[in-house]
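In what follows, a single structure is set out as structure tokens and then discussed.
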Amino acid sequence: MFYAINWFLSLALLALWSLACWGAHAVTVWVVSNAGALAGGSVVTDTVLVPGWLKAWMPPELMGQWEAVVSSLGPMVQAALEAVPALAGGVTFLAWALWGLGAIVLVALAVGIHILIALAKRHGGGNGGAGGPGASKAALAR
């Protein structure tokens, strides 16, 4: 029974890990593929980084400071955005590598728990441990 619980939980964790890695990969690929939208200048950067609902709650002074910061960082952002498409191929490799490492760790953990269960069964005895029917016969024989 403990073997089944161990492997069921381990496979469920592996499925959740796979889903998390897939989701992170999908979001990362989406960000990389849409990085060119930010290259349109400070107007596009303002609309992407500060949503309209947030602009309504921001004081005008803070909005002015925000625009000054974004415009001063424009050249650095432009250089970074030009380098992003070159990283697109590495994202998939990185996602597979991280998934593989996580999967190996989860399977090793499941095998380790499996071995611990087997050792506990062997050490405790297959007949229910020290309080089983065989123990009472041995105590009476003494």
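The table that follows gives values for the structure above.
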| item | result |
| --- | --- |
| Some residue of segment 27-39 being at pLDDT 85 or above, part of a helix (DSSP H, G or I) and either within 30 Å of the chain's Cα centre (by Cα) or over 30 Å from Gly100 (Cβ atoms) (or both) | no |
| From Ala103, Ala88, residue being in contact with a Leu (Cβ under 8 Å, 6 or more places away or on another chain) and touching a residue at least 24 places away in the same chain (Cβ under 8 Å) | Ala103 |
| Flag if Leu98 is under 30 Å from Ile5 (Cα atoms) and either at pLDDT below 95 or surrounded by 12 or more Cβ atoms within 10 Å (Cβ to Cβ) (or both) | yes |
| Among (1) of a type outside the set (Asp, Glu); (2) at pLDDT 75 or above; (3) over 20 Å from Val32 (Cα atoms), the one test that Leu54 misses | (2) |
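The values are calculated or read from the model by the stated rules, or taken from the named source; none is laboratory data. Keep in mind it's a predicted model, so treat the numbers as computed, not measured. Glycine also receives a Cβ, built like all others from the backbone with ideal geometry; neighbour counts cover every protein chain displayed.
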